[in-house]
2 protein chains.
Amino acid sequence: MAATRSRNTRTGGRLAPLFFPTSVAVIGAAREPGKVGHTVLDNILKGGYQGKVLPVNPKADEIAGLKCYPSITTASEAAGTVELAVIVIPAPLVPGVMDECGAAGVRAAIVISAGFRESGREGFLLEQRLVETARRHRMPLLGPNCLGLITGENRLNATFARLMPLPGKVALMSQSGALCTSILDWSVKELIGFSRFVSFGNKADVNESDLLRDWRADSRVGVVCAYLEQVSDGQRFLTEARFTSRKKPLIILKAGVTDAGARAASSHTGSLAGSERAYAAAVEQTNSLPARSMEDFFDLISLTSLTALPGKGGVAILTNAGGPGILTADACEKEGLRLAAFSQNTISRIARAVPGAGNLYNPVDILGDAESSRYRDALRILAADRDVASIIVILTPQAVTDIEGTARVIVEQAVATRKPVVGCFIGEEDIEVGVEALRRGGVPNFRFPERAVAALAKVHRYAERRREEKVFEPVSFRVKKERVATALDFSRGGGYLHIGGFQALDVLRYYGLKVPKGRLAKSPDAAAAIAAAIGFPVVMKVVSPNIMHKSDLGGIRVGVADAEGAREAFEDIQAAVRGNMPDALFLGVAVQEQVADAREVIIGAARDPQFGPLLMFGLGGIYVEVLKDVSFRIAPISRNDAKKMMYEVKSYPLLTGARGEQPADTDAIVDALLRCSQLVTDFPGILEMDLNPLLVKPRGQGAYVADARMVITP
Amino acid sequence: MAATRSRNTRTGGRLAPLFFPTSVAVIGAAREPGKVGHTVLDNILKGGYQGKVLPVNPKADEIAGLKCYPSITTASEAAGTVELAVIVIPAPLVPGVMDECGAAGVRAAIVISAGFRESGREGFLLEQRLVETARRHRMPLLGPNCLGLITGENRLNATFARLMPLPGKVALMSQSGALCTSILDWSVKELIGFSRFVSFGNKADVNESDLLRDWRADSRVGVVCAYLEQVSDGQRFLTEARFTSRKKPLIILKAGVTDAGARAASSHTGSLAGSERAYAAAVEQTNSLPARSMEDFFDLISLTSLTALPGKGGVAILTNAGGPGILTADACEKEGLRLAAFSQNTISRIARAVPGAGNLYNPVDILGDAESSRYRDALRILAADRDVASIIVILTPQAVTDIEGTARVIVEQAVATRKPVVGCFIGEEDIEVGVEALRRGGVPNFRFPERAVAALAKVHRYAERRREEKVFEPVSFRVKKERVATALDFSRGGGYLHIGGFQALDVLRYYGLKVPKGRLAKSPDAAAAIAAAIGFPVVMKVVSPNIMHKSDLGGIRVGVADAEGAREAFEDIQAAVRGNMPDALFLGVAVQEQVADAREVIIGAARDPQFGPLLMFGLGGIYVEVLKDVSFRIAPISRNDAKKMMYEVKSYPLLTGARGEQPADTDAIVDALLRCSQLVTDFPGILEMDLNPLLVKPRGQGAYVADARMVITP
């Protein structure tokens, strides 16, 4: 009990009573096997939990040899204190019982019962009442509609799962109870151990961000893995995930990442954004390890929990068969995992140690007749090479192969080096004895080389970024926030939720973006006068709240060279609008400085329902519209994020002079991205935004927003 | 014996004595266990082969109870005939023994011995002698350096593998013996059976194309799978693979598909082509099933050998857990496998059969407490839906799940419908009993839903193309082949292996491609005269064998409007060349008709070492150079192939009027691609070719090759 107490003090967080209670009440404990209330109690007792356990059920006096209490109030009075309540009663009764728990001084609750939000409107309202009650009593609440929770060192198994996980350093959170049971089943066979195991079901209160925050500081947690269907608060998740992955690997399997059907959106950014893009950006920005399938999830858990992180360098492949060696090298190229370049010393040592080796280079082929001692020699040499950061050891069961002996050698060498060593024993029946030996020795084995490579490639990348990247620093410029607030309110007041033209440009100017000189002309003469004041040539564009695609109906003139031209252009534009769109409100013509020698790019923003403001970057015109060559990040972004957004688009070389032109002012693009990031972060009311085009002049000469549109909330 | 004879007659091909010999001699048979010569003889005897078996070894009188002969000659005399010789003696002795075999009337040979091409120059020469000997005696030769061969219904196991495969309908060919042993190991556990099992090692004689040809007509072969490192004759392989996959699934795992490092090439096409591109094109053109990993290879073998091909329609997902259901639907979207759209009738039947189902639509969630009968009802309903072409059944081991009973229900329903039904039991320890029941019932099980989807998606696509696509028909135009031959020879004669300008355009004209009017001008006045004859405006370009990138050094003028302009342009170009590249040989300036209203595209060709002429298509300029937005096919191509090449590039919408322009003449592009295909097929001496640009006018107005370059063999 003393140990449990001290643990409470150590993590000290809000969730401590969930994971380390000194006493647990099972409300709805049942005597009948097969009932969930029975299984939960049974699991707690069999798991070896050392604290007090109190069954609560008004219909029983005693269950499983323990005194049973009619209510949590009586249980609490009898026991002095109940820290955690596990609730397994019909949903409609739960809020009332929660209130009772709060009154009785219970510090946390797990609601296993289903019948809440997932089952329709009534359940939704019930869940709301439940959360309100829990919050009123300041009790963290796990669930409802979940499998429960397991704490390793506490031996607390408050779930109705069939199995108990092995002890270990992995912490799992899952939005699917069924996935938990599958993972448990797999982990017991693969000897992967868990320190925390949480099914958070509907996550009405405790969610992924709470757990990330808690587990980040928890020394018993070495690897965090999460199966998520939705993220409850995307912005908070980003922060928590970013901090977590700086300390320990964070593996995420996200369901529902593809978008069914196109979204109705009025901006380019809106139509290209989507939950898949937002999720991919979140993964990238937080340096988490994205599992692309359930298998990949298992593989990453197994690799990160069993091996240390690789240092600088590439992977070495050791094999007793040429074909699988080539397939592994192929996979490395596909996944972007660099093959280690051996030193001359390594190569000559291999040549001496492995007479007649098929290949001394990488992959090292020690041939089909390799005995375990040849594996040992080669492994020792490879582990000593400075450029080798990890090793994949392939074994195919050939005529003379000593499968078990080789597995033992691999375990021995894996223990001797701190570098990750993974096995890849290919086959099924014959190799099982070797796989078992690897498993017992704590060496991860992959049934297929491509899987080993896929997992290792992600871990190499993760480790490299963790070593090299600075702490996340969003950039904050001095801006005129008040002015933007006023402008948006003014627009809203007039009922205009689409903002374009000078209004939109003004908003951007307040955030330090440059715009070309320009003014609205209401007559041909005014146009001529404004143009003369700006200096020729000028660009002229129709201004109308109804017209979104100005060029399609003759609403734009470029290269207007003199006063007479400006007058004519005004009249032509006005006539074109009247002719093509007679119902459009014609407010006049914008006369703008013509920005010379500029490349067109687009910066956009949309709002993701989970992650919030999503920034987009791409080159203008066909690059966005036809080729969809764009990159995304969730705001706020760092300078590094902004640069990566630029580098990621395939057309980026066009900005650096790939075709012999002067390089564009990419610093100005980065600056513009950062300012837009700040704007959409400061104003959640901006739902969509396109800066189209941002005209980027040659290096050192800046970038100008020639046109922009925004959609704001009512 | 009679049965064996008749089989010979049935397949009747050149390879019949390899697969269905009436008698087999093992040359190098050994008494000592552990020796390959012992294992081979042992496998033949234990396998249950019914023909005569004759050990040959001068140092023994008797092995394994059989009389041993000192030579193949004596063995042959004694037995009357020896149809197949399996040779397991040191490499240097093999060619001599092969000769002896031929003289003794042996009809086919398997050389298991290593020490040939794979071991250096001497071995290479030895292999050459071996092949010559075999061919002289018209004996098909398998190997050398291979594991051997197994024929199912003949029960002939002429390998030194540890295991004998189960009987079945899969035929495997493999360039890696080690991979064979891994596949055997896996297949025995998974109850996958083989009718043919061939390790062809160095494939000095019998190669993948021979086997494809043989197995295509072989009624015992239901699925062909191949592990390949190189393809021996790419063009022949294309033909054989194309015909094979029209009759049965052809699954290919290719190693070495990524290109290490960039290739030195002087054309755009050359620098973008590569073995990976060629292989991808081959897979696409032959409608074979490409395995992207070893795991994928196993999965595809298991799926195609155990289930029928899906008909028209989508996939239905049935699950007892929401999370894995969503992950499966995600995977379907990623892999392009359509979810079946259930009829109203199906939906109401499910609603009745599954009270309170989590989801009636696709994926159908029958909830965590689903018993086997609920699975049965749902399966029956889904199988009856017209839009359901295949079914994935997911099971997660939850508290009340009847794992084995559900597996039996799935087997029963899979037997009842002709539609492919696959299991996806997720977990390890607990589910094993269910997986075993599926296995025994012949239902493929995938450990993870994403794997089931990846395999099913490929098989759906394969079946659809097999149903819908016509027989391959290369297009043949009437062309002036003789003239091209003369032109190329003339160039070669002059030592010019790079052909450009009017020479290259002439070659293309002979194959029916249109080129703009034009002539070479050697002086400013000539330029003016030619331009006047053609009609203004004209384009003018420097002509020099040394200048590849004309525009970079001011060697091109467009829109030359009158005679004076033409004179000036000539002088300017000449001056620019002298200034920028004084050593270049200046031959004059080409004066060309200016093709108006045209979009620029590129057609290119390169030569792949394995597959031969590789055609490329892309839009001009940055689309090829920066965005690398190109498509490839191996020539000769069909009209359908040419169309697909066009559709595949991302920038294709730019040709159809995506930005409001007139649609381009895509028929003319298809025509040009087909003519280029014919040209590079007719002339293997054309190593690289770029038609850059091909100017494509609006629909109905044709396309013109404005410039072209070729690299030819000496």
*To the nearest 0.05, how large is the calculated FRET efficiency for residue A:584 and residue A:482 if R₀ is 41 Å and r is the Cβ-Cβ distance?*
0.80
*Tabulate in residue order the Karplus-calculated ³J(HN,Hα) for the range A:287-304, using 6.51 cos²θ - 1.76 cosθ + 1.60 with θ = phi - 60°, rounded to whole Hz; enter x for Gly and Pro.*
6, 8, 9, x, 8, 8, 7, 4, 4, 4, 4, 4, 4, 5, 5, 5, 5, 6
*When DSSP assigns beta bridges and you keep just the ones with both residues in the protein assembly as shown, what percent turn out antiparallel, to the nearest 5?*
50
*Would you please put A:288-296, B:63-71 in order of how densely packed they are, using the mean number of other Cβ atoms within 10 angstrom per residue and starting with the highest?*
A:288-296, B:63-71
*Work out the mean other chain Cβ neighbour count within 10 Å for the residues of A:324-336 and drop it here as an integer.*
5
*asked:* Which residues belonging to the range A:631-674 lose at least 40 Å² of 1.4 Å-probe accessible area when the assembly is complete, relative to their chain isolated?
replied: A:650, A:659
*Nearest-to-axis residue of chain B, judged by beta-carbon position, where the axis maps B onto A, in Å*: B:627, 3
*Any idea what the residue B:335 label distances to the other copies are, label 7 Å down the Cα→Cβ vector, nm, shortest first?*
1.9
*Could you order peptides B:183-191, A:492-500 by the average number of other Cβ atoms within 10 Å of their residues, highest first?*
B:183-191, A:492-500
*Nm distances between copies for residue B:124, ranked from closest, using label points 7 Å along Cα→Cβ*: 7.4
*Rounded to the nearest Å, what's the spacing between the alpha carbon centres of the range A:621-655 and the range B:383-441? Just the number, please.*
45
*Calculate for the protein assembly as shown the 222 nm mean residue ellipticity that helices alone would give, adding -39,500 (n - 2.57) per DSSP H run of length 4 or more and normalising by residue count, nearest 500 deg cm²/dmol.*
-12500 deg cm²/dmol
_So if I take the centroid of the Cα atoms in the range A:524-573 and the same for the range B:164-210, what is the distance between those two points in Å?_
74
_Given an 8 Å cut-off on Cα distances and at least 6 residues of separation, report the relative contact order of chain A as a percent._
9
*Could you work out the relative contact order of the range B:294-380, using alpha carbon pairs under 8 angstrom and six or more residues apart, expressed as a whole percent?*
32
*Size of the range B:16-256 along its principal axes in angstrom, Cα-based, largest extent first?*
49, 39, 30
*Quick one: work out Rg over Rh on the C-alpha atoms of the range A:310-468, Rh as Kirkwood radius.*
0.93
_If each residue of separation counts as 0.36 nm, what is the full-extension length gain between residue A:536 and residue A:648 once their alpha-carbon separation is subtracted?_
36.6 nm
*asked:* Between helix B:563-580 and chain B, what is the angle of the helix's C-alpha long axis to the longest principal axis, kept within 0 to 90° and rounded to the nearest 10?
replied: 60
_Karplus (6.51, -1.76, 1.60) ³J(HN,Hα), θ = phi - 60°, over the range B:509-514, in Hz, Gly and Pro reported as x_ = 4, 4, 9, x, 7, 8
*Ordering of B:214-220, A:13-19 by burial proxy (mean other Cβ atoms within 10 Å per residue, highest first)*: A:13-19, B:214-220
*asked:* Between 0 and 90 degrees, rounded to the nearest ten: what's the tilt of helix A:121-136 against the longest Cα principal axis of chain A?
replied: 80
*For chain A, report the accessible area per residue in Å² (1.4 Å probe, heavy atoms, rounded to an integer).*
38
*asked:* If you take every residue apart from residue A:255 with its C-beta less than 9 Å away from the C-beta of residue A:255, what net charge results, scoring Lys and Arg +1 and Asp and Glu -1?
replied: -1
*Rounded D (µm²/s) - the protein assembly as shown, Kirkwood Rh over Cα pairs, Stokes-Einstein at 37 °C, 0.692 mPa s*: 90
*Provide an ascending nm list, one decimal, of label-point separations from residue A:551 to the equivalent residue in each further copy; define each label point as 7 Å from Cα along Cα→Cβ.*
1.9
*Carbon + sulfur, % of accessible area of the protein assembly as shown - ligands and nucleic acids excluded, 1.4 Å*: 50
_Under 5 Å between amide hydrogens, which residues at least 5 positions from residue B:688 or on another chain qualify, with H placed 1.01 Å from N in the peptide plane?_
B:711
_Over 26 Å (Cα to Cα) - which of B:52/B:247; B:312/B:644; A:541/B:697 fall in this group_ = B:52/B:247; A:541/B:697
*What list of ³J(HN,Hα) couplings, whole Hz, do you get for the range A:83-96 from phi and the Karplus terms 6.51, -1.76, 1.60, once you set θ to phi - 60° and write x for glycine and proline?*
7, 10, 10, 9, 10, 9, 10, x, 3, x, 8, 5, x, x
_Spacing of the two label points (7 Å from each Cα toward its C-beta) at residue A:308 and residue A:506, in nm_ = 6.2
*asked:* I need the P(r) histogram for chain B: all alpha carbon pairs, bin width 10 Å from 0 out to the longest distance, whole percents.
replied: 3, 13, 18, 18, 17, 15, 10, 5, 2, 0, 0
*What accessible area, in Å² to the nearest ten, does a 1.4 Å probe give for residue A:629?*
20
*Nearest 10 degrees, 0 to 90: what angle lies between the long axis of helix B:449-468 and the longest principal axis of chain B (Cα atoms)?*
70
*Just for the range B:135-218, what percent of DSSP beta bridges are antiparallel, to the closest 5?*
55
*Across peptide A:443-450, what mean number of C-beta atoms from other chains lies inside 10 Å of a residue's C-beta?*
3
*Within 10 Å of each Cβ in peptide A:428-438, how many partner chain Cβ atoms are there on average? Round it to a whole number, please.*
3
*Name the long-range amide H neighbours of residue B:25: under 5 Å, sequence gap of 5 or more, or other chain; modelled H, no Pro or chain starts.*
B:54, B:84, B:85, B:86
*Computed E for residue A:46/residue B:659 - FRET, C-beta separation, R0 56 angstrom, nearest 0.05*: 0.20
*asked:* What FRET efficiency comes out for residue B:59 versus residue A:373 if R0 is 41 angstrom and r is the Cβ-Cβ distance? Round to the nearest 0.05.
replied: 0.85
*Taking K and R as +1 and D and E as -1, what net charge do the other residues with C-beta under 14 Å from the C-beta of residue A:341 add up to?*
+1
_Skipping prolines and chain starts, which residues have an amide H placed within reach, meaning under 5 Å, of the one on residue B:704, given they are 5 or more residues away or on another chain?_
B:695, B:696, B:697
_Inter-probe distance in nm under a simple model that places probes 7 Å from Cα toward Cβ, at residue A:66 and residue A:121_ = 4.0
_Accessible area buried at the A-B interface, both sides summed, 1.4 Å probe (Å², nearest 100)_ = 5300
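The values are calculated or read from the model by the stated rules, or taken from the named source; none is laboratory data. As the structure is a prediction and not an experimental result, all values here were calculated from the model. In this analysis, Cβ positions are derived from the backbone assuming ideal geometry, glycine residues included, and neighbour counts consider all displayed protein chains. Remember, those area values only see protein heavy atoms, side chains included, never the ligands or the DNA or RNA. Shrake-Rupley method; radii C 1.70, N 1.55, O 1.52, S 1.80 Å.
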